[in-house]
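What follows is a short report on a single structure.
The values are calculated or read from the model by the stated rules, or taken from the named source; none is laboratory data. Just so you know, these numbers come straight off a predicted model, no measurement behind them. Here the Cβ positions follow ideal geometry from the backbone for every residue, glycine too, while neighbour counts run over all protein chains shown. Each accessible area value is taken on the protein alone, full model and side chains, heavy atoms only, with ligands, DNA and RNA left out. Shrake-Rupley method; radii C 1.70, N 1.55, O 1.52, S 1.80 Å.
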Amino acid sequence: MDLLLVADPIESFKTYKDSSFAMLREASRRGHRLWACEPWQMASRPGEGVSAACRRLHLSSRALESQAGEAVDDWAAPDAPERRRLASFDAVLMRKDPPFDAEFLYSTHLLSQAEREGAKVFNRPTSLREHSEKLAILEFPAFTAPTLVSRDLAELRDFHAEQRDLIFKPLDGMGGMGIFRVKDDALNLGAILEQLTMDGTRTIMAQRFLPAISEGDKRVLLIGGEVVPYALARIPQGGEVRGNLAAGGKGVAMPLTAAEREVAEVLAPVLAARGLLLVGLDLIGGRLTEINVTSPTCFQEIMAQTGFDVAARFVDALERSVACPA
């Protein structure tokens, strides 16, 4: 299988924790041919369709022999760029990290055109556009904490007065960026709302604070409509309210609770039917807080701590999807 990864520069990968690296390593071990490009290298040209300047990747023996959580330098030797139509690959993996900005959106439109030309793209670009990682939870209110989405300062203030303890966050953030907790005393509420909404011109999200964050912000992975049986609890450290690993949270893998499994098993077939091969649910105390579809992570942490091979499960699902008729 010829597999194209559309992602951030491969030179930026932190191999000890990068899930895209884990995918590539597993695919290479199985004999699949690997290619990579960045979104800006895609183009639609007259008479050619959607193509990209792609580099063939050759993983080093050390990379192939490495274990989850192990750092590997010089892990891939890329060939010189070669322009190829995306439809000429057996599978295209869209793994560009957020933010979901205008350029990301344009990339998904190019990928949708590539699909019309015969490419198989995972996750499906139309579903990437339709599933804002923050807003997608609104479809499943039975599983969420009280949530308000608005840019109206008065409405946001009223919601705080009602709920008394809220988390405020931007809709385009990642890794815990821009997240604020405002307790019952409403300390700095006005300044925080003015900053996050840019004086009422930008929509944000407010969610009731969940004390169970002390036990971790759980990442639950869905692969090909199946639930991975272990979650990674991102546990806040040093007085933080954010459990994100990028914000200093401690990652601890553990079996799913009954509440987490209930949510995951309801959402898994629904999201898979929309062309979302890989999804990362974020849950706190069994309550759904985000649905991550752009580049879900935590493969290596779960594998290193539990022995459950998430990358193998993913490549299994990818191979099945590629083998299915379009």
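For the stretch 1-97, chymotrypsin sites (Phe, Trp or Tyr not before Pro) meeting the loop criterion (DSSP other than H, G, I, E, B) and having at most 16 other Cβ atoms within 10 Å: Y16. Semi-axes of the equivalent ellipsoid of the chain are 35, 23, 18 Å, computed as sqrt(5λ) over the eigenvalues of the C-alpha gyration tensor in descending order. Over the residues of the chain, the helix contribution to mean residue ellipticity at 222 nm works out to -8500 deg cm²/dmol, using -39500 (n - 2.57) for each DSSP H run of at least 4. Equivalent-ellipsoid semi-axes for the stretch 1-153 (Cα gyration tensor, √(5λ), whole Å, largest first): 30, 22, 13.
Scanning the chain for long hydrophobic helices, with DSSP H runs required to stretch 18 angstrom or more by C-alpha along their axis and to average at least -1.0 on the Kyte-Doolittle scale, returns 102-116, 258-272, 310-323.
Only beta bridges with both residues in the chain are counted; by DSSP, about 80 percent of them are antiparallel. Per residue, the accessible area of the stretch 27-183 comes to 49 Å² when a 1.4 Å probe rolls over the protein heavy atoms. Ligands, DNA and RNA excluded, the heavy atoms of D2 present near 20 Å² of accessible surface to a 1.4 Å solvent probe. Just to check, using Stokes-Einstein with a Kirkwood Rh over alpha carbon pairs, what's the diffusion coefficient of the stretch 176-326 at 25 °C and 0.890 mPa s in µm²/s? Translational D for this selection: 146 µm²/s. At the listed q of 0.14, 0.26 Å⁻¹, the Debye profile of the stretch 1-87, built from one uniform point per Cα, gives log10 I(q)/I(0) equal to -0.48, -1.35. When the alpha carbon gyration tensor of the stretch 111-250 is reduced to an equivalent ellipsoid, the three semi-axes, largest first, read 30, 21, 14 Å. Largest GNM mean-square fluctuation among A312, A206, A102, using the chain with Cα springs under 10 Å: A102.
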